[in-house]
1. Between a first residue in segment 72-86 that is farther than 18 Å from N61 by Cα and a second residue that is of a type in the set (S, T, N, Q) and surrounded by 13 or more Cβ atoms within 10 Å (Cβ to Cβ), which pairs have beta carbons less than 7 Å apart while being 6 or more apart in sequence or on different chains?
2. Could you grab me the full set of residues in segment 103-128 that are assigned to a helix (DSSP H, G or I) and either touching a His at 6+ places or on another chain (Cβ under 9 Å) or more than 13 Å from I60 (Cα to Cα) (or both)?
3. Which strands (runs of 3 or more DSSP E) does segment 53-102 wholly contain that include 3 or more residues that are surrounded by 12 or more Cβ atoms within 10 Å (Cβ to Cβ) and more than 22 Å from the chain's Cα centre (by Cα)?
4. Could you please find all residues in segment 93-121 being among the β-branched types (V, I, T) and touching an Asp or Glu at 6+ places or on another chain (Cβ under 8 Å)?
5. Within segment 70-79, does at least one residue satisfy the condition of being touching a helix residue (DSSP H, G or I) at 6+ places or on another chain (Cβ under 7 Å) and of a type in the set (A, V, I, L, M, F, W, C)?
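The values are calculated or read from the model by the stated rules, or taken from the named source; none is laboratory data. Since the model is a prediction, treat every value here as computed from it, not as a measurement. Note that we place each Cβ from the backbone using ideal geometry, even for glycine, and neighbour counts take in every protein chain shown.
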Amino acid sequence: MKLKGRNKVSPDFSMSSMTDIVFLLLVFFMLTSNAPNALDLLLPKAKGKSTNTQNVSVSINKNLEYFVNNEKINGKYIEIELKKALEGQEKPTIILRAEETVPVKEAVNVMDIANKNNYKVILAVRAK
């Protein structure tokens, strides 16, 4: 007498759920990788104060006028003025204050100068 079991396990593996997951991941990465490179952002409000000592303050107003330690300078000579002001400092730090209406490229220009010269940059924000 030969008896067959009714609960026989099938050796086939269903790939449909695996392909669904791979497809969803593919769509997710395609959508997020094509995000625009430039964002129109307002500077955030933040609580708290910085504990670092302030070596140099760089301010940019809405008329694109540059100030280093409240002294008005020409924007073309910002790097030279920063080098003079931070010469001999052990941990040179720049506090960057830019108004909300200032184009981001102006603030990035100062950050780029700081990066080239290994200066630390702190971006100042409005208090909440």
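1. The qualifying pairs are K83/N117; A85/N69; L86/N55.
2. D112, I113, A114, N115, K116
3. Passing ranges, in order: 66-68.
4. If the condition is that a residue be among the β-branched types (V, I, T) and touching an Asp or Glu at 6+ places or on another chain (Cβ under 8 Å), then I113 is the only one that fits.
5. yes
Rundown of residues vs (1) modelled with pLDDT of 85 or more; (2) under 12 Å from L123 (Cβ atoms), yes/no style:
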position	(1), (2)
N63	yes, no
E71	yes, no
G88	no, no
A98	yes, yes
A107	yes, yes
D112	yes, no
